[in-house]
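The structure appears below as structure tokens.
The values are calculated or read from the model by the stated rules, or taken from the named source; none is laboratory data. Keep in mind the model is a prediction, meaning the values are calculated, not measured. All Cβ positions, even for glycine, are placed from backbone atoms using ideal geometry, and neighbour counts span all protein chains on display.
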Amino acid sequence: MMNSSSTEIVTTQLPDLSKGIRGKSSIYVATNIREKSSNRGFTLVELLVGMVITSIFLVFAGSGLISILQNHRQTEAEVDQHIQLNRAADFIADDIREAKAASTTAPSGWIVPANYSAILYLTKPDDSTVAYYTFDTSSGSNWQGPQMIYRATASNSLGNPLVDRVSSASPGCSGSGTSGFEVSPSPLTPSNRSIRLCLLGDLPNGTTKLVQNTVTLRSNEVSSTP
């Protein structure tokens, strides 16, 4: 008897790897595209737009900085002129206090230099004379105008500069002198013991600064001291 055997054919369905491979491949490609897209540089148009915006910002920032610096320098110049005018007025006031007589008339034989205008003469306790002049800088000077004030201690001497930028406008003190520097009462004689001093200076911003003092001669007190 013949033994019969049956052969069982087992079939196993294998997974379709091609789909997985295709899926992974598509994911990789999409990721790679995103990476390339995120790592790309700026275009020429974008660079030009950025440069234009930066330039506009720098222009406005630079203009603002220049304006701030100019205003700062002008403020410093104005403060400096205020200080110089006050110092000059205080110096002249101290000179008047030390004098035994003050006048707007020159002592006998006193010569005023050419182009100078005499404003005030002071007689000191030792009988020496101090003269205050104004000088128009348009006549030739390295100082700032329109006028300068000079102090002289000798006849026909130019003296020493005291303060510049003295205005050519009147201080409005109704006194003797030239524009920018006046003393009152007018006329001023040796008998006057109280003197009003007015200085008008020009400021860099186009305005003026008025400095005025009322000074009393104290030479009698000084000369009577042993």
From (1) in contact (Cβ under 8 Å) with a residue 60 or more places away in the chain; (2) farther than 30 Å from S191 by Cβ; (3) of a type in the set (V, I, T), pick out the condition that doesn't hold for T123.
-> (2)
Filter the stretch 89-120 for residues that are touching a helix residue (DSSP H, G or I) at 6+ places or on another chain (Cβ under 7 Å) and either free of Cβ contacts under 8 Å to residues at least 24 places away in the same chain or not small (G, A, S) (or both) and give the result.
-> E98, K100, N115
Quick check: anything in the stretch 176-192 at pLDDT below 90, out of contact with any Ser or Thr (no Cβ under 7 Å at 6 or more places or on another chain) and either of a type in the set (D, E, K, R) or over 21 Å from T104 (Cβ atoms) (or both)?
-> no
Within the stretch 107-132, restricting to residues that are in contact with a Leu (Cβ under 8 Å, 6 or more places away or on another chain) and outside any loop (DSSP other than H, G, I, E, B), the one that is surrounded by the most Cβ atoms within 10 Å (Cβ to Cβ) is L120
For residues in the stretch 189-206 being surrounded by 23 or more Cβ atoms within 10 Å (Cβ to Cβ) and in contact (Cβ under 8 Å) with a residue 40 or more places away in the chain, which is farthest from P146 (Cα to Cα)?
-> I195
Apart from one, (1) over 19 Å from Y121 (Cβ atoms); (2) in a strand (DSSP E or B) all hold for E182; the odd one out is (1)
Single residue of N220, N156, N142 found to be surrounded by fewer than 13 Cβ atoms within 10 Å (Cβ to Cβ), at pLDDT 90 or above and either aromatic (F, W, Y) or more than 21 Å from H82 (Cβ to Cβ) (or both) = N156
Scan of the stretch 159-176 for residues that are loosely packed, with under 15 Cβ neighbours inside 10 Å and either farther than 21 Å from L122 by Cα or in contact with a His (Cβ under 8 Å, 6 or more places away or on another chain) (or both), ordered by number | A169, G172
A61 vs (1) more than 19 Å from E182 (Cα to Cα); (2) surrounded by 15 or more Cβ atoms within 10 Å (Cβ to Cβ); (3) of a type in the set (A, V, I, L, M, F, W, C): all pass except (2)
